[in-house]
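**Student:** Here you go, one structure.
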Amino acid sequence: MAIKINAENISKETMFLVPPSQIKTELNGRFAPHDDEDVQKMLKSFRDKGQLQPILVRKLSDHTLTLVAGFRRHAAGLLYSAEQPEFKLKCILFVGNDEEAFKANIEENIERKALNPMDLAFQVRVWKERFGKKDKEIAKIYGFTPPYISQIKKLLNLSTDIQDKVRLGI
């Protein structure tokens, strides 16, 4: 059961604490499974230093929270809370619609340069199918050319095995 927050108590400027298990992770633009090695490094950092950066969450219409950005921190937080049941993630409230939340997630990944070609292909699909964006608009968001976006979409036609290899950089 996801935590319900009182909108009167939380604003976008407020950092607050939430058990990791109480944050939904669907509809957030993260398609690939997390790299277990990255999550393990983040878990070690949690053990050694605590959570240094908050995650970004959004309040849904039913007052539950969904993750916008900070997927590795959230995954590590889930693991860490198994060791330390009282652990809660530092969160900042994101205020915006589905498209703005999706874009915020993408911007964080681009800043970290963690976006692999398969993640980009899946995100292009979401931009097109969910938000009705054209290749030219998507290219502008990412700073690529429309022909590049057209080519990256073709990755979605590959078999799942090949997609996994592309995602892993093999």
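**Student:** Scan segment 72-95 and give yes if some residue there is at pLDDT below 90 and polar (S, T, N, Q), otherwise no.
**Tutor:** Among the residues of segment 72-95, not one is at pLDDT below 90 and polar (S, T, N, Q), which makes the answer no.
**Student:** To continue, here is another question. Take the residues of segment 139-156 that are loosely packed, with under 12 Cβ neighbours inside 10 Å and either farther than 14 Å from Asp119 by Cα or touching a helix residue (DSSP H, G or I) at 6+ places or on another chain (Cβ under 7 Å) (or both): which is modelled with the highest pLDDT?
**Tutor:** Going through the qualifying residues, I end up with Pro147.
The values are calculated or read from the model by the stated rules, or taken from the named source; none is laboratory data. These numbers come from a predicted model, not from an experiment. Backbone-built Cβ (ideal geometry, glycine too); neighbour counts: all protein chains shown.
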